[in-house]
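Structure first, then comments.
Quick note: the coordinates plus some simple rules give every number you see, no bench work behind them. Small disclaimer: the values here were computed from a predicted structure and weren't measured. Reconstructed Cβ throughout: ideal geometry from the backbone, glycine too, with neighbour counts over all protein chains shown.
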Amino acid sequence: MTDIVRTALILGGARSGKSGFAQGLAENSGRKPVLIATAQALDDEMAARIAHHRADRGSVWGVLEEPLDLVGALAREAINDNITVVDCLTLWIGNLMCAELEVALECERLIEAVTLVRAPVIFVSNEVGSGIVPDNAMARTFRDYQGRLNQRLAQACDHVVLVVAGCPLQVKPATRVDLQF
Amino acid sequence: MTDIVRTALILGGARSGKSGFAQGLAENSGRKPVLIATAQALDDEMAARIAHHRADRGSVWGVLEEPLDLVGALAREAINDNITVVDCLTLWIGNLMCAELEVALECERLIEAVTLVRAPVIFVSNEVGSGIVPDNAMARTFRDYQGRLNQRLAQACDHVVLVVAGCPLQVKPATRVDLQF
Amino acid sequence: MTDIVRTALILGGARSGKSGFAQGLAENSGRKPVLIATAQALDDEMAARIAHHRADRGSVWGVLEEPLDLVGALAREAINDNITVVDCLTLWIGNLMCAELEVALECERLIEAVTLVRAPVIFVSNEVGSGIVPDNAMARTFRDYQGRLNQRLAQACDHVVLVVAGCPLQVKPATRVDLQF
């Protein structure tokens with residue numbers, strides 16, 4: 001028997017197929033899919049996908065643009081028979097930095113919210129730490145926030161999946177790594 | 001019983017050991033290995049490896065340098081008892097961009113060719129999307145092309161392997177990730 | 001039965017949780033944990049962690065700062081009932097480059113030392129090759145050294161783990177990838 005999952009974190013690099021994977025999970029869940037988009041302007045691909053779904057009788061995405069107040073949006077949307085996809089946390093951190101809000105504090109509020117949601121949520125986030133150290137101090141700060149949030153969320157979520165070229169690699173529950181020294 | 005594989009995609013970061021892994025697969029296949037090199041000047045390590053193999057009676061690599069017309073090269077080489085290694089798609093995309101060709105169209109032609117090849121082919125490609133967003137617009141465009149091609153090829157190929165520090169991690173066929181919300 | 005592990009390599013991106021994972025392995029090993037820190041100034045998080053452990057009766061980390069002579073430090077520390085964590089090889093390569101030492105030669109000496117250590121050692125190293133090719137020639141050289149060392153060490157070590165958002169993904173021993181063409 002498969003356990004019921006309440007929260008999942010979908011990680012991947014840029015153009016790794018992580019958003020498509022998350023959307024597919026939501027569409028196949030039997031629940032009403034709701035997208036909380038942290039980007040203010042959705043990209044063409046996403047807009048086309050949503051238009052396609054809106055045109056399709058069988059599947060209606062609710063869409064909400066929320067660049068900053070993710071905690072409030074989750075409290076309003078992650079309820080009843082909804083399944084919420086938050087896409088993505090990387091843009092959210094960027095938006096918080098641009099708005100000069102306290103990123104670490106907002107991330108703590110998000111983690112607390114994850115323990116309180118009343119319907120399933122799928123978070124989409126980028127892996128940004130596997131390149132060379134950026135020259136730019138702001139990029140290094142951003143990378144630190146992103147990495148710390150990914151770790152905290154991975155702890156808080158039931159499942160973590162790394163998407164590589166569109167293919168899912170299960171990260172949590174982890175394969176037992178039992179090293180005896 | 002292990003199924004016969006016709007097409008494989010080997011992904012990895014820079015200096016991850018992906019080329020060595022792909023070459024090992026070809027050398028152990030029992031078929032005549034042919035390298036389609038998209039770099040015009042092969043690096044020393046590769047040149048040494050090929051020289052070593054040419055000197056070795058039991059194993060003769062055919063080598064073809066083809067920076068742009070990968071589809072034509074596959075049609076000519078991926079035949080009979082050959083096994084073809086294409087190394088790598090990252091340089092190929094770079095070459096297409098430098099030559100101001102239509103990258104998206106060339107990628108579609110490649111995907112179509114993959115469905116038509118008459119002998120096994122192993123593609124080598126880079127993971128380039130797991131660092132910080134590049135400052136440079138051309139680098140962002142490149143990253144998008146690369147990520148989209150990796151996703152399309154992963155869909156089209158029988159097997160996908162991610163190489164980490166020389167060690168293979170199977171990505172496709174995927175471990176069943178069955179999330180019930 | 002689980003085999004006894006003598007050497008492990010823990011890989012991950014920046015802020016992936018690789019250090020915490022390595023430290024946890026050492027703390028749970030039943031051996032005296034010794035940290036060889038290649039950074040000259042430890043970061044606050046690490047300093048706090050060590051202070052916490054020093055204050056804690058049950059667990060006393062030995063800490064040694066060694067930016068360059070890792071081979072000498074291993075010969076002195078990786079003995080008896082110790083378990084040594086080397087954190088991290090990425091800073092070590094950077095230190096060698098800054099000191100204008102021969103990086104490739106030092107890496108060979110380290111690999112040789114790995115075969116000679118008399119007590120368990122856990123190496124922590126960064127994945128730095130999964131972003132866009134750096135503009136900067138020194139960054140490209142660094143990336144090549146790092147990738148080659150990770151491959152060599154992965155070959156020499158009993159176990160390799162990739163840490164993603166704090167979750168371990170076993171890389172070596174590898175899942176059998178048996179491709180028949």
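Observations, loosely collected:
- Taking the Cα centre of the protein assembly as shown as reference, the dipole from Cβ charges on Lys and Arg (+1) and Asp and Glu (-1) amounts to some 1280 debye.
- Across the identical copies, how the C:D81 labels are spaced - nm, sorted shortest first, 7 Å along Cα→Cβ: 6.2, 6.2
- Percent antiparallel among DSSP beta bridges (both partners in the protein assembly as shown, rounded to 5): 15
- Axis-nearest residue in chain A [Cβ, rotation onto B], distance in whole Å: A:G131, 1
- For A:F123, the amide hydrogen comes within under 5 Å of the amide hydrogens of A:A8, A:L9, A:I10, A:V86, counting only partners 5 or more places away or on other chains and with H modelled in the peptide plane.
- A Gaussian network model of chain C, with springs between Cα atoms under 10 Å, assigns the largest mean-square fluctuation among C:E112, C:E77, C:E100 to C:E100.
- Taking every alpha-carbon pair in the stretch C:69-114 and binning the separations at 10 Å intervals from zero gives 25, 55, 18, 2 percent.
- In terms of overall dimensions, the C-alpha atoms belonging to the protein assembly as shown reach 68, 68, 46 Å along their principal axes, ordered largest to smallest.
- By other beta-carbon atoms within 10 Å, ranking B:T7, A:T141, C:T115 with the fewest at the front produces C:T115, A:T141, B:T7.
- At q = 0.19, 0.25, 0.27 Å⁻¹, base-10 log of I(q)/I(0) for the stretch A:114-181 (Debye sum, equal scatterers on each alpha carbon): -0.94, -1.17, -1.23
- Across B:A26, B:A139, B:A119, mean-square fluctuation computed from a Gaussian network of chain B (C-alpha pairs under 10 Å connected) peaks at B:A139.
- Unit charges on C-beta of K, R, D, E only; dipole of the stretch C:7-172, Debye: 460
- For A:I10, C:I93, order by how many other beta-carbon atoms lie within 10 Å, fewest first: C:I93, A:I10
- Counted by neighbouring Cβ atoms within 10 Å, the residues A:C107, B:C167 run from fewest to most as A:C107, B:C167.
- The stretch B:7-172, Cα convex hull volume normalised per residue, Å³: 112
- Of the residues A:V86, A:V63, A:V124, the one that moves most in a GNM of chain A with alpha-carbon contacts below 10 Å is A:V63.
- Summary for B:E112: label point 7 Å along Cα→Cβ; distances to the equivalent points in the other copies, ascending, 5.7, 5.7 nm.
- Fraction of antiparallel bridges per DSSP, chain A only, in percent to nearest 5: 15
- Of the cross-linked pairs A:K18/B:K32; A:K18/C:K32; B:K172/C:K32; B:K32/B:K172, those separated by over 31 Å at the C-alpha level are A:K18/B:K32; A:K18/C:K32; B:K172/C:K32.
- Placed amide H near C:E65: partners under 5 Å, 5+ positions off or other chain: C:A37
- Placing a label point 7 Å from Cα along the Cα-to-Cβ direction at C:R176 gives distances to the equivalent points in the other copies of 2.0, 2.0 nm, listed shortest first.
- Per residue, chain C reaches -12500 deg cm²/dmol at 222 nm when only DSSP H runs of four or more residues are counted, each adding -39500 (n - 2.57).
- Cut-off under 5 Å, modelled amide H: who pairs with B:Q180 long-range: A:V5
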